[in-house]
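**Q** One structure is given below, represented as structure tokens, and several questions about it will come after.
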Amino acid sequence: MSLQSVKAFFQELELNLPIIELEVSTATVALAAQAHGVEPGQIAKTLAFRLNDARVLLVVARGDARIDHKKFKDAFGKGKMLALEEVVELTGHPVGLSLIHIS
């Protein structure tokens, strides 16, 4: 999704959520936390995986959280993170681009 498509989506659903456009990079959790003046644990990160059965799974986690591989495998089976190009192709949203900050 481009910034314009997010704005249109919010407008269509009558969501009055602030969209803050920044001049600095928010490509990593650390950079996003610094840019927004919050702790890394207050940032939500999205991780994209392709499971061995070809399903794609998005996991939203705290910015300072790590994936427990054993728990992941027990819950979903084997999988691996999507390549950058696959993320864009499947979601229309590039990796490392944050669009909104909700206070």
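The values are calculated or read from the model by the stated rules, or taken from the named source; none is laboratory data. These numbers come from a predicted model, not from an experiment. Every residue, glycine among them, receives a Cβ derived from its backbone with ideal geometry; neighbour counts consider all protein chains shown. Heavy atoms of the whole protein, side chains included, go into the accessibility calculation; ligands, DNA and RNA do not. Shrake-Rupley method; radii C 1.70, N 1.55, O 1.52, S 1.80 Å.
**Q** Once fully extended, how much extra length lies between Phe10 and Asp68, figured as 0.36 nm per residue of separation less the alpha-carbon to alpha-carbon distance? Spell out each step's value before the answer.
**A** Numbers: separation 58, 0.36 × 58 = 20.88 nm, distance 3.35 nm.
Contour length minus Cα-Cα distance gives 17.5 nm.
**Q** I've got another one for you. Just need the relative contact order of region 43-95 here, percent rounded to a whole number, with Cα pairs under 8 Å and 6+ apart.
**A** Result for region 43-95 is 34 percent.
**Q** Helix 3-12 sits at what angle to the longest principal axis of the chain, using alpha carbons and giving 0 to 90 degrees rounded to 10?
**A** Around 80 degrees separate the two axes.
**Q** Count neighbours as other Cβ atoms within 10 Å of each site's Cβ, and list the GluC sites (Glu not before Pro) in region 1-54 that are DSSP loop with at most 10 such neighbours. Write out the running numbers ahead of the final one.
**A** Details: sites: Glu12, Glu14, Glu21, Glu23; in loops: Glu14, Glu21, Glu23.
Listed in order of number, the matching sites are Glu14, Glu21, Glu23.
**Q** Could I ask something else about it? Suppose all protein chains stay in the model; what accessible area per residue would a 1.4 Å probe give for region 5-54, in Å²?
**A** On the way: 3440 Å² over 50 residues.
That works out to 69 Å² for each residue.
**Q** Extending each Cα 7 Å along its Cβ direction at Leu22 and His93, get the distance between those two points in nm, one decimal.
**A** 1.6
**Q** Could you derive backbone 3J(HN,Hα) for region 57-65 from the dihedral phi with the Karplus parameters 6.51, -1.76 and 1.60 (θ = phi - 60°), listing whole Hz in sequence and x where the residue is Gly or Pro?
**A** Residue by residue, region 57-65 yields 10, 9, 10, 9, 9, 4, x, 9, 8 Hz.
**Q** Which one of Gly41, Phe10, Ser25 is farthest out on the positive end of the charge dipole of the chain, using unit charges on Cβ (Lys, Arg +1; Asp, Glu -1) and the Cα centre as origin?
**A** Gly41
**Q** Once neighbouring chains are kept in place and the probe is 1.4 Å, which whole percent of the accessible area of the chain is contributed by carbon and sulfur? Mind showing how you got there, number by number?
**A** On the way: 4280 of 7640 Å².
About 56 percent, which is the carbon plus sulfur part of the accessible surface.
**Q** Using the crude model of +1 on Lys and Arg Cβ and -1 on Asp and Glu Cβ, and no other charge, please compute the dipole size for the chain relative to its Cα centre, in debye to 20. Show your work: numbers first, answer last.
**A** Numbers: 11 positive and 12 negative charges, 119 e Å.
Once rounded to the nearest 20, the dipole reads 580 debye.
**Q** Provide the solvent-accessible area of Lys73, counting protein heavy atoms only and rolling a 1.4 Å probe, rounded to the nearest 10 Å².
**A** Its accessible surface works out to 110 Å², give or take rounding.
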